[in-house]
Amino acid sequence: MKTILVPVDLSSTSESGAAFAASWSREYGYNRIVLLKADKHAPSYNLMASGEFSNVDEEAINLTFKEIEDGLQSLCKTTAESAARGAEVSIATSSLPMTRAVFEVLKEEHVDLIIFGADSDNFSASSYVNTGLIEVAKASPVPVIVVPSTYTFQPIQSVLLPFNQTTIPDLYKTVSAEDLLHLKELKLFLLDLCSTNKNKQVEEERKHTLQSLFQHFNYELLHGDCNHVLRSITETAKSKNVQMTIALPRKASFLYNLTHKDIAGAIYKNIYSPVLILK
């Protein structure tokens, strides 16, 4: 079964991730969606039985858990109603913090794709799912899609692939996106963030490399500002109206050449369309 894992916390941000996953399952033939609810207060769990916490109103605690359970069941039902026909939508819960919970699921089950809903500059639901997003995106062995909280799914017709001089050798890894996106059927915008090189031979070699790698793709080569990477990426994504930006895996990614703070900004503060992080 092709499985999508969606970390949720019942905020509108994570609900947007679940809605995107449902649409993705219809578009690309996924037949299983797992909604993962972890406990953001997991490290404090054991305090409930000690000292002054021993008098916590048990009825209030039970009511809180019931509200969470009802919210999860409602989200599960809504997701199932809009997912691919016959797709199985299930709920997984964990007492672990979100990041650890995700990797526990990855160890125990076959997962093909992780989808995160993420806060953006235009909207924030203070989703605690965001706190684990960076760690999961960097370490996950499977592709991760990060979806802005206010984004509504659109059939993907064009994608943006930023690269620079050091990541050119890793561009071949985009072939792993073919199974995910049917990339050869789409318009591919290659955003060259290499510093301007006055050596014509180097420029010609780079063009030849791109032509060789993407000869079977419908691509267009664009040039960005290597001194303002994030701005170039976001402005190009908006101007070309792409439905997704592709980030290369791990160290090859434009995301991971930035500071930790900038990674966070790149992923869920400056994007207007989903980002696919390849592996």
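The values are calculated or read from the model by the stated rules, or taken from the named source; none is laboratory data. Only a predicted model underlies this, so the values are computations on that prediction, with no experimental measurement involved. No Cβ is skipped: glycine too gets one built from the backbone with ideal geometry, and neighbour counts run over all protein chains shown.
Among the residues of segment 237-252, the ones that are at pLDDT 85 or above, surrounded by fewer than 20 Cβ atoms within 10 Å (Cβ to Cβ) and not in a loop (DSSP other than H, G, I, E, B) come to 2 in all.
So which residues in segment 167-194 are of a type in the set (Val, Ile, Thr) and touching a residue at least 40 places away in the same chain (Cβ under 8 Å)? Before the answer, list the steps.
In the first step, residues of segment 167-194 are kept if they are of a type in the set (Val, Ile, Thr); the result is 167-168, 174-175.
Those that are of a type in the set (Val, Ile, Thr) and touching a residue at least 40 places away in the same chain (Cβ under 8 Å): 167, 168, 174.
Answer yes or no: is there a residue in segment 253-269 that is outside any helix (DSSP H, G or I), at pLDDT 80 or above and not assigned by TED's automatic domain parsing to the domain that holds residue 111. No: segment 253-269 contains no residue that is outside any helix (DSSP H, G or I), at pLDDT 80 or above and not assigned by TED's automatic domain parsing to the domain that holds residue 111.
Anything in segment 143-160 that is of a type in the set (Val, Ile, Thr) and surrounded by 16 or more Cβ atoms within 10 Å (Cβ to Cβ)? List them, or say none. Reasoning before the result, please.
Kept after step one, since they are of a type in the set (Val, Ile, Thr), are these residues of segment 143-160: 144-147, 150, 152, 156, 159.
Of everything in segment 143-160, those that are of a type in the set (Val, Ile, Thr) and surrounded by 16 or more Cβ atoms within 10 Å (Cβ to Cβ) turn out to be 144, 145, 146, 147, 156, 159.
As a summary of the residue check, residue 211 satisfies the conditions (1) at pLDDT below 90; (2) farther than 29 Å from residue 2 by Cα; (3) among the polar types (S, T, N, Q); (4) loosely packed, with under 12 Cβ neighbours inside 10 Å except for the one numbered (1).
Pairing each residue of segment 212-231 that is part of a strand (DSSP E or B) with any residue that is not hydrophobic (A, V, I, L, M, F, W, C), provided the two are 6+ apart or on different chains, yields C-beta distances under 7 Å for 218/187; 221/192; 222/192; 222/236; 223/192. Filtering segment 126-142 to residues that are assigned to a loop (DSSP other than H, G, I, E, B) and surrounded by 22 or more Cβ atoms within 10 Å (Cβ to Cβ) leaves 127, 129.
Of all residues in segment 95-109, those that are in the same structural domain as residue 136 (by TED's automatic domain parsing) have Cβ atoms under 6 Å from Cβ atoms of residues that are of a type in the set (Gly, Ala, Ser) and assigned to a helix (DSSP H, G or I), 6 or more apart or on another chain, in 95/42; 96/42; 97/42; 98/132; 99/132.
Scan segment 196-211 for residues that are more than 24 Å from residue 176 (Cβ to Cβ) and in a helix (DSSP H, G or I) and the total you get is 6.
Residues are listed down the side, and each one gets a yes or a no for (1) surrounded by 14 or more Cβ atoms within 10 Å (Cβ to Cβ); (2) farther than 17 Å from residue 273 by Cβ:
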{"position": "162", "(1), (2)": "yes, no"}
{"position": "168", "(1), (2)": "yes, yes"}
{"position": "172", "(1), (2)": "no, yes"}
{"position": "177", "(1), (2)": "yes, no"}
{"position": "191", "(1), (2)": "yes, no"}
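Restricted to segment 28-79, and to residues there that are among the small types (Gly, Ala, Ser) and within 29 Å of the chain's Cα centre (by Cα), the residue that is modelled with the lowest pLDDT is 44.
From the residues in segment 114-142 that are at pLDDT 85 or above and in contact with an Asp or Glu (Cβ under 8 Å, 6 or more places away or on another chain), which one is farthest from residue 103 (Cα to Cα)? So the residue we want is 117.
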